[in-house]
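Q: Structure provided below as structure tokens; questions to follow.
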Amino acid sequence: MTPTGPVRAWFADVAPAHGSLPPRAHLDTDAASMTLDGEWAFRLLPRVPRHGGNGFEAPGFDDSAWDLVRVPHCWQLEGVPGLPRYSGPAYTNVVYPFPIDPPDVPDENPVGEYRRRMDLPDAPDGGRWLVRFEGVDSAYEVYINGTRVGGAMGSRLTHEFDVTEYVVPRGNVLAVRVLQWSAGSYLEDQDMWWLSGIFRSASLLNRPAGGIDEVFVHADFDAAAHTGRLLVEAPPGAVVRLPELGIEVPANESLVVSDVEPWSAEVPRLYRGTVSTGAETVDLAVGFRTISIDDATLLANGVPLRLRGVNRHEWHPKAGRTLDEATMRADIELMKRHNVNAVRTSHYPPDARFLRLCDEYGLWVLDECDLETHGFERIGWRLNPSSEPVWREALLDRMRRTVERDKNHPCVIGWSLGNESGRGANLEAMAAWTRSRDPDRFIHYEGDWDSAYVDVYSRMYADHAETELIGRGEEPPTSDPQHDRRRRALPFILCEYAHAMGTGPGGLAEYADLFEAYPRLAGGFVWEWIDHGILQRAASGAYEGEEFFAYGGDFGEEVHDGNFVADGLLFPDRTASPGLAELAKAYEPLRIEPSRDGVTVTSLFGHRTTSGIDFRWRIEDDGEPVASGPLAVPDLGPGEAIRVPFPGRTGAPVAAAGPGGPQRWVTVSAHLAVDEPWAAAGHELAWGQARLDDHGEPPRGRARPAGDSRAVVQTDGGWELGPGRFDAFGTLVELSGLAVRGPRLDLWRAPTDNDERGDAPPSADWRALGLDRLRHRTVSVTSEDRALSVVAHVMPAGVDVGYEVEYRWHAHDGALRLDVFGSPLGSWAVPVPRLGVRMGIPSQLDAVAWVGLGPGEAYPDVSLAAREGRFASDVASLQTPRLRPQENGARRGVRKAELTGGGSRLTVSGECFILTVRPWTTEALDAAAHPTDLVPDPRWLWMNLDDEQHGIGTGACGPIELPRYRLEAKRFRLSVALSAEAG
Ligand code: IPT
């Protein structure tokens, strides 16, 4: 072969046209079709074959030695859990894992080659044949019977190829070469694993002569007139039928439909019908709805929209971005059950089936184009495809493919041009084309804050204060006065907020209040739905062979972004994290506010009444049922509120118990009266609680408790006080025969992802100060007035900062009462992670019952979901198995906790403390990279009793905790009574 100059390969050509057909809608049709999912022969090559290829496409090519894989799949996940059989997955957020040398990509470019045989299905009327790929990452070329029919880029976009000229009835060989990297990769820098292959379905479609290639349904709803307007664009001569509405009209004629019910996410009313020619019938699912903007307010059917949304990436812990329909349904049902009403398809159009399901179940969808060029930020946005003219057609092609595929879905209310792609004329061109093609939906793009060519002002991670300013229309101006005037008239969306990475997210309650207060705030989408963890098995250690979820770096990637890929409300296996419970409460569609004599119910629905919703009340004393019953609440229209008295003449009974008696709480809750497709009758939609008794808190002070108190006795090795034995340092070592260690002051927590945030992380300050290595010095142990008083200084090495603490012990009524008085020493420049004590207790005490807030974990600014009651759990289930271990599992507002097991019992009671019990130390938790690094301590459980903890916030990628949740080094007091029985 003669040497040639540099060759620009087809996959480095940014032009969009490589032989695939123009985009069109996915239609449900009766035309013949055949799935191409299933077994394909596959092999992986390390690079693209040069100069003439390798002949893999020839029908006679011998692929008998190739592997068999099931398409759709991501090839990096073949063989996982365990070792990847081919190349490994790689995770980066912003940075490209290849040099920024656009539009070229390195020679090291893994190539997956696929082959399969294919017979044509029966299609009596002849017609054309198309091969359709719904998702192939990142560039591919398609061969039929040895002939190249074309190539394509645009991984999450449908491409069709006309193969009519090349197919024969039987024994066709379809060969596809997929390249991991291409020019298209520069446009696909989404924050996710880099995965490759034919990862969505492929099919063979017959296009009958005289059939319907394209349909565009326009179905508006006029809220004032309560009528619909229907226009179905289809080939001339086609007939539209919607039997339920008595409609049978020619296509392409606009008609007004009276007595139509609108579509909304709350009531997803679809009218099923068809559009047909003699040759083909296409099914329609028509939802009448109008999205509009008025007075800087986003409206659906005339009603202000409140998007209680989430950002959803497509993820499955074994299959990666290949999702089956059951998984999509699971996502939607979980969303609906947690009061989510909106989805941003971050950051690409989803599998087409997902939108069908959103039409049916009811979710407002912001459909995003497959575009992100975030990595160019690292070079100051030089060469950014959003602004370089050479990329214009490629970007437009992506937008066209997004809109054309999905335009018939009532659930889609807005088009998003992409994510984090900087600024530029190409984005503007995408907006202009979209506006002309589909003027009935709003256009969204966050990356250009001038918002000059979009219909909504969108931001990510704006903090509460700024969001409030925007709500008031008082935000700081943009650079250009003309843009500023225009932007001020736009509704506002937080396209990402409340970054749900690790423990948290903190601050949801305050966002929910803002969204309710200001009509300009159309709500937002929490980042993000699910952790993208990959199922793996521990290779060694105590958990050898057991499953865990891998994150960035676990596959030896040379560049990666660690566990930033694990920032979802769901764990990868779709079990809910505590963040999801928090979200469900923040997104409640009803506000329920009980008080002594009744309850105020406010409907936050926009499109339905409360008919079909049952209300219940119940009264409990420290979680013990006292009384309960149904509550009659008249039907409320959207936005209406009502005050309802509790049944009975005197309202709810006020507890008779005196100080120290049980707390009496009323709970009022709202439930589905009938089954919905996403939840069974009885499912709880919303709840509210109020305390009814009024005996207040017991008096606080240093005084000796009333009752039969014991004297302190000095022994050989230390001290004795009632049931307690203390060593010479005044440390409790035994309680009623039960061995214990501590309690001792503790200020440290295993930093959360929010504590470890990129900018000025408090965790770095904490470690620098040495809060993870405190030293204890007993200053004095004294006995006075039947109390054992132990004073200690607790400080890290090398500094004069820490806490002075007095542990003051009394014994009475068979229990030990502990009052901890803490006061800061030295000058503290950082917040304190926690203020409380830690204690080792025998590991057999692994059943925990408590009265206070539960059932889940709670932190100062993550406590919406926690409710008053009586709860029980084993210690293992108190732990939240986050992908990267960190502070978790705290139960707040605890008044009594009982730990039992092996015939022993330990009771802790107090006014209000935070309880955390773990089978390992905070230090072990901090050191672990995965839950499989955490081995239970055979002897001890570690119990923290805290007065308070530092807030959580969402600083991993958003605002830090609000100032009121910052825990300053301050004086504190913690009072508990401890009693035990040894088995
Ligand atoms: C923002 C991205 O849009 C999103 O994809 C994700 O990476 C998120 O951050 C963090 O998890 S971009 C960020 C610079 C605000």
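Q: Where the convex hull is taken over the Cα atoms of the stretch 855-983, what is its projected area averaged over directions, in nm²? Write out the running numbers ahead of the final one.
A: Working: hull surface 36.6 nm².
Averaged projected area of the stretch 855-983's Cα convex hull equals 9.1 nm².
Q: Further question: What number results when the radius of gyration of the stretch 216-288, computed over Cα atoms, is divided by 2.2 N^0.38 Å? Please list the in-between numbers first.
A: Working: Rg = 11.9 Å, N = 73, 2.2 N^0.38 = 11.2 Å.
Dividing the Cα Rg of the stretch 216-288 by 2.2 N^0.38 Å gives 1.06.
Q: Between rounded, prolate and oblate, where does the stretch 50-208 land on the alpha carbon gyration tensor, with a ≥ b ≥ c its root eigenvalues, rounded for a/c under 1.5, else prolate if a/b exceeds b/c? Please list the in-between numbers first.
A: On the way: a/c = 1.88, a/b = 1.68, b/c = 1.12.
Prolate, since a/c reaches 1.5 and a/b exceeds b/c.
Q: Across the stretch 738-866, what fraction of all alpha-carbon pairs, as a whole percent, falls in each successive 5 Å bin from zero upward?
A: P(r) for the stretch 738-866, in whole percents per bin: 2, 8, 15, 17, 18, 16, 14, 7, 2, 1, 0.
Q: How would you classify the stretch 588-691 from its alpha-carbon gyration tensor, with a ≥ b ≥ c the square roots of the eigenvalues: rounded for a/c under 1.5, else prolate if a/b is greater than b/c, otherwise oblate?
A: Numbers: a/c = 2.45, a/b = 1.81, b/c = 1.35.
It is prolate, given that a/c is not under 1.5 and a/b is the larger ratio.
Q: Hey, any idea what % of the chain's accessible area is carbon plus sulfur with a 1.4 Å probe? Could you put the intermediate results ahead of the total?
A: Values: 17980 of 35730 Å².
Taking all protein chains in place, the chain shows 50 percent carbon and sulfur surface.
Q: So, one more: Taking a temperature of 37 °C and a viscosity of 0.692 mPa s, what whole-number D in µm²/s does Stokes-Einstein yield for the stretch 32-93 with Rh from Kirkwood over alpha carbon pairs? Kindly include the intermediate steps, with their values, before the conclusion.
A: Values: Rh = 14.1 Å.
Diffusion coefficient, whole number: 233 µm²/s.
Q: Same structure, new question: Considering only protein heavy atoms, what per residue accessible area in square angstrom results for the stretch 768-889 with a 1.4 angstrom probe?
A: Numbers: 4060 Å² over 122 residues.
For the stretch 768-889, the solvent-accessible area averages 33 Å² per residue.
Q: If amide H atoms are built 1.01 Å from N in the plane of the peptide, which residues on other chains or at least 5 residues away come under 5 Å of the amide H of residue 28?
A: Under 5 Å from the amide H of residue 28: 283.
Q: Helix 325-337 versus the longest principal axis of the chain: what is the Cα-based angle in degrees, 0 to 90, to the nearest 10?
A: Between helix and principal axis, roughly 50 degrees.
Q: What is the mean projected area of the alpha carbon convex hull for the stretch 712-981, to one decimal in square nanometres? Intermediate values should be presented prior to the final figure.
A: Working: hull surface 56.1 nm².
Mean projected area of the Cα convex hull: 14.0 nm².
Q: So, one more: Give me the percent of DSSP beta bridges within the chain that run antiparallel, rounded to the nearest 5.
A: Values: 215 of 241 bridges.
Given both bridge residues lie in the chain, the antiparallel proportion sits at roughly 90 percent.
Q: Now for a separate question. Strictly greater than 21 Å: what percent of every Cα pair in the stretch 293-531 meets that? Mind showing how you got there, number by number?
A: Details: 15969 of 28441 pairs.
Within the stretch 293-531, distances greater than 21 Å cover 56 percent of Cα pairs.
Q: So, for the stretch 588-691, what is the accessible surface per residue at a probe of 1.4 Å, expressed in square angstrom? The partial results should precede the final answer.
A: Values: 4640 Å² over 104 residues.
Counting only protein heavy atoms, the per-residue value for the stretch 588-691 is 45 Å².
Q: Kindly write out, for the stretch 404-413 in residue order, the coupling ³J(HN,Hα) from the Karplus curve 6.51 cos²θ - 1.76 cosθ + 1.60 (θ = phi - 60°), rounded to whole Hz, with x marking Gly and Pro.
A: 3J(HN,Hα) across the stretch 404-413, in whole Hz: 5, 5, 10, 5, 8, 8, x, 5, 6, 9.
Q: Divide the volume of the convex hull of the Cα atoms of the stretch 547-610 by its number of residues and quote the answer in cubic angstrom per residue. Before the final figure, lay out each step's value.
A: On the way: hull volume 9.4 nm³, N = 64.
Roughly 147 Å³ of hull volume per residue.
Q: Two decimals is fine: what's Rg over Rh for the chain, C-alpha atoms, Kirkwood radius as Rh? Kindly include the intermediate steps, with their values, before the conclusion.
A: Working: Rg = 31.7 Å, Rh = 31.1 Å.
The Rg/Rh ratio comes out at 1.02.
Q: Could you give the distance between the Cα centres of the stretch 441-475 and the stretch 584-626, to the whole Å?
A: Result: 33 Å between the Cα centres.
Q: Enumerate the aspartates and glutamates that residue 336 could reach by cross-link, defined here as Cα to Cα under 14 Å, with residues fewer than 8 away along the same chain left out.
A: Reachable aspartates and glutamates: 266, 359, 360, 588, 675, 676, 684.
Q: I've got another one for you. Checking the a/c ratio against 1.5 first, then a/b against b/c, what shape does the Cα gyration tensor give for the stretch 809-906? Before the final figure, lay out each step's value.
A: Details: a/c = 1.64, a/b = 1.09, b/c = 1.50.
Since a/c reaches 1.5 but b/c is at least a/b, the shape of the stretch 809-906 is classed as oblate.
Q: So, one more: Applying the Karplus parametrisation 6.51 cos²θ - 1.76 cosθ + 1.60 with θ = phi - 60° to the phi angles of the stretch 833-850, what ³J(HN,Hα) value in whole Hz is obtained for each residue in order, glycine and proline being reported as x?
A: x, 8, 10, x, 10, 10, 9, x, 10, x, 5, 6, 7, 9, 10, 10, 10, 8
Q: OK, next. Take the stretch 170-229, drop everything but the C-alpha atoms, weight them equally and run the Debye formula without solvent; then report log10 I(q)/I(0) at 0.19, 0.24, 0.25, 0.26 Å⁻¹ to two decimals.
A: -0.92, -1.08, -1.12, -1.16
Q: Can you list the residues, at least 5 places off or on another chain, whose amide H is less than 5 Å from the amide H of residue 191, using H built in the peptide plane?
A: It is none; the list stays empty.
Q: If you don't mind, there's one more thing I want to ask. Take the stretch 431-562, compute every pairwise Cα distance, and split them into 10 Å bins from 0; I just need the percent in each bin.
A: Pair shares across the bins are 11, 30, 24, 18, 12, 5, 0.
Q: Enumerate the lysines that residue 896 could reach by cross-link, defined here as Cα to Cα under 28 Å, with residues fewer than 8 away along the same chain left out.
A: Excluding near neighbours in sequence, the set is 585, 970.
Q: Residue by residue through the stretch 563-571, what is 3J(HN,Hα) from phi via Karplus (6.51 cos²θ - 1.76 cosθ + 1.60, θ = phi - 60°)? Round to whole Hz and write x for glycine and proline.
A: Each residue of the stretch 563-571 in turn: 8, 5, 7, 10, 9, x, 7, 10, 6 Hz.
Q: 5 Å is the cut-off here: which amide hydrogens, built 1.01 Å from N in the peptide plane, fall below it relative to residue 980, excluding neighbours closer than 5 in sequence?
A: Correct list: 907.
Q: So, one more: Could you sort the peptides 335-348, 892-905 by per-residue average Cβ neighbour count (10 Å cutoff), highest mean leading? Walk me through the intermediate numbers first.
A: On the way: 335-348: 24.3, 892-905: 18.8.
Highest to lowest by the protection proxy: 335-348, 892-905.
Q: Debye sum, Cα scatterers, the stretch 109-157, no solvent: what log₁₀ I/I(0) at q = 0.14, 0.20, 0.26, 0.28 1/Å?
A: Taken in order of the listed q values, log10 I(q)/I(0) reads -0.47, -0.86, -1.20, -1.27.
Q: Under a Cβ-Cβ limit of 4.7 Å, which cysteines in the chain have nobody to pair with?
A: Lone cysteines by the Cβ rule: 74, 369, 495, 912, 957.
Q: Still on this structure, I have one more. Taking only protein heavy atoms into account and a 1.4 Å probe, give the accessible area per residue of the stretch 290-411 in Å². Working shown, then result.
A: On the way: 3350 Å² over 122 residues.
I get 27 Å² per residue for the stretch 290-411.
The values are calculated or read from the model by the stated rules, or taken from the named source; none is laboratory data. Since this is a predicted model, take the numbers as computed values, not measurements. Please note: Cβ atoms are built from the backbone with ideal geometry, for glycine as well, and neighbour counts cover all protein chains shown. With ligands, DNA and RNA removed, areas are computed over all heavy atoms of the protein, side chains included. Shrake-Rupley method; radii C 1.70, N 1.55, O 1.52, S 1.80 Å.
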